[in-house]
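Novice: Just passing along the structure, written as structure tokens.
The values are calculated or read from the model by the stated rules, or taken from the named source; none is laboratory data. Small disclaimer: the values here were computed from a predicted structure and weren't measured. Here Cβ is always computed from backbone atoms with ideal geometry, including for glycine, and neighbour counts include all displayed protein chains.
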Amino acid sequence: MLYPSEHPLIRQKTTELRDVETAPRRFRALVRELSALLGYEATLDLELAPWTVRTPLADAEGARLAPAVGLVPILRAGLGMVDGFLELIPDAQVWHLGLYRDEETLRPIEYYNRLPTGRLPTGALTGPQSIDVCLLLDPMLATGGSAVAAVDILKRWGSPRIKYVGLIAAPEGVQTLSAAHPDVDIHVAAVDDHLNEHGYIVPGLGDAGDRQFGT
Ligand code: PRP
Ligand code: URA
């Protein structure tokens, strides 16, 4: 299911993000702020477990997040989204996945994979058994090839429920990801008009990695 945000703050910040005059320092701040806002929206349906605390006056019956959350940023551009999510869910585990698009074929190439399995030296569980929901982070959903490849990898690894969170999507990318993985919810700030002949989202924002890292 596709969830394009309609939040006014997300609209404003996405507009500033697109602006060719927005320099890397401000661009990174906006990616972080937008990630936190989108993280709020993408976690709206997560289950709660009861949690009672003692205030100075009495017991207060409250709640805490029940599922354990894993964050999987797709390198490079997804890296900039991690801190915004960690502000919301500081206990989330973070696993890195490196994919880049071949410039000619536009197909994703995997070059880094640190998805863990088994136990940590402390004995604590890690890997897919230790989380309940996996948030895949990547600002741009263009052809959808990278997102589909990343979800394929996560599912092979044994990931439970997966949600994709991005900033800008092309209709082509939404279609491709939804067709390949209809169970993966897609949360984005905006769905743009089309892809150009080089596979760039129009109007988009250009290259999300280059704009974050000044390359
Ligand atoms: C960008 C972006 C996505 C991918 C989207 O990464 O961050 O991962 O392109 O394109 P797709 O939907 O057509 O697969 P890029 O390959 O430019 O690598 P980078 O993040 O290292 O710059
Ligand atoms: N990757 C980007 O960073 N931007 C696009 O428009 C398409 C793919």
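Novice: Filter the range 110-141 for residues that are hydrophobic (A, V, I, L, M, F, W, C) and either out of contact with any helix residue (DSSP H, G or I) (no Cβ under 8 Å at 6 or more places or on another chain) or away from ligand 2 (no atom under 16 Å from the Cβ) (or both) and give the result. Before you say what the answer is, go through the steps one by one.
Specialist: Taking the range 110-141 and keeping what is hydrophobic (A, V, I, L, M, F, W, C), we get 115, 120, 124-125, 131, 133-137, 140-141.
Within the range 110-141, L115, L120, A124, L125, I131, V133, C134, L135 qualify.
Novice: Another one. Just for the range 48-66: of the residues that are in a loop (DSSP other than H, G, I, E, B) and either crowded, with 16+ Cβ neighbours inside 10 Å or among the hydrophobic types (A, V, I, L, M, F, W, C) (or both), which one is nearest to ligand 2 (Cβ to nearest atom)? Before the answer, list the steps.
Specialist: Going residue by residue through the range 48-66, those that are in a loop (DSSP other than H, G, I, E, B) are 55-58, 66.
With either crowded, with 16+ Cβ neighbours inside 10 Å or among the hydrophobic types (A, V, I, L, M, F, W, C) (or both) added as a condition, the list becomes 57-58, 66.
Working: L57: 52, A58: 52, A66: 34 Å.
Here the residue is A66.
Novice: If you go through the range 149-157 one residue at a time, do you hit one that is under 30 Å from L195 (Cβ atoms), at pLDDT 95 or above and within 16 Å of ligand 2 (Cβ to nearest atom)?
Specialist: yes
Novice: Also: Among the residues of the range 80-94, which ones are in contact with a Pro (Cβ under 8 Å, 6 or more places away or on another chain) and surrounded by fewer than 21 Cβ atoms within 10 Å (Cβ to Cβ)? Steps first, answer last, please.
Specialist: At the first step, the residues of the range 80-94 found to be in contact with a Pro (Cβ under 8 Å, 6 or more places away or on another chain) are 80-82, 94.
V82, V94 - these are the residues of the range 80-94 that are in contact with a Pro (Cβ under 8 Å, 6 or more places away or on another chain) and surrounded by fewer than 21 Cβ atoms within 10 Å (Cβ to Cβ).
Novice: Looking for something modelled with pLDDT under 95, away from ligand 1 (no atom under 13 Å from the Cβ) and out of contact with any Lys or Arg (no Cβ under 7 Å at 6 or more places or on another chain) - is there at least one such residue anywhere in the range 101-113?
Specialist: yes
Novice: In a loop (DSSP other than H, G, I, E, B), in contact (Cβ under 8 Å) with a residue 12 or more places away in the chain and closer than 23 Å to Y200 by Cα - does that describe any residue in the range 68-77? Steps first, please.
Specialist: Kept after step one, since they are in a loop (DSSP other than H, G, I, E, B), are these residues of the range 68-77: 68, 76-77.
Within this subset, residues satisfying the condition of being in contact (Cβ under 8 Å) with a residue 12 or more places away in the chain are 68, 76-77.
Imposing the further condition that a residue be closer than 23 Å to Y200 by Cα reduces the set to 76-77.
Checked the range 68-77: at least one residue is in a loop (DSSP other than H, G, I, E, B), in contact (Cβ under 8 Å) with a residue 12 or more places away in the chain and closer than 23 Å to Y200 by Cα.
Novice: When the range 14-44 is examined, which residues are found to be of a type outside the set (A, V, I, L, M), part of a helix (DSSP H, G or I) and without any contact (Cβ under 8 Å) to a residue 60 or more places away in the chain? Break it down stepwise before answering.
Specialist: First, pick out the residues of the range 14-44 that are of a type outside the set (A, V, I, L, M): 14-16, 18-19, 21-22, 24-28, 32-33, 35, 39-41, 43.
Narrowing the set further to residues that are part of a helix (DSSP H, G or I) leaves 14-16, 18, 24-28, 32-33, 35, 39-41.
Answer for the range 14-44, where residues must be of a type outside the set (A, V, I, L, M), part of a helix (DSSP H, G or I) and without any contact (Cβ under 8 Å) to a residue 60 or more places away in the chain: T15, E16, R25, R26, R32, E33, Y40.
Novice: Do any residues in the range 78-101 that are on the phi < 0 side of the Ramachandran plot and part of a loop (DSSP other than H, G, I, E, B) have Cβ atoms under 7 Å from those of residues that are more than 16 Å from ligand 2 (Cβ to nearest atom) and not hydrophobic (A, V, I, L, M, F, W, C), where the two are at least six apart or on different chains, and which pairs are they?
Specialist: Cβ pairs passing all conditions: A92/G70; W95/G70; W95/R114; W95/P116; H96/Y112; H96/R114.
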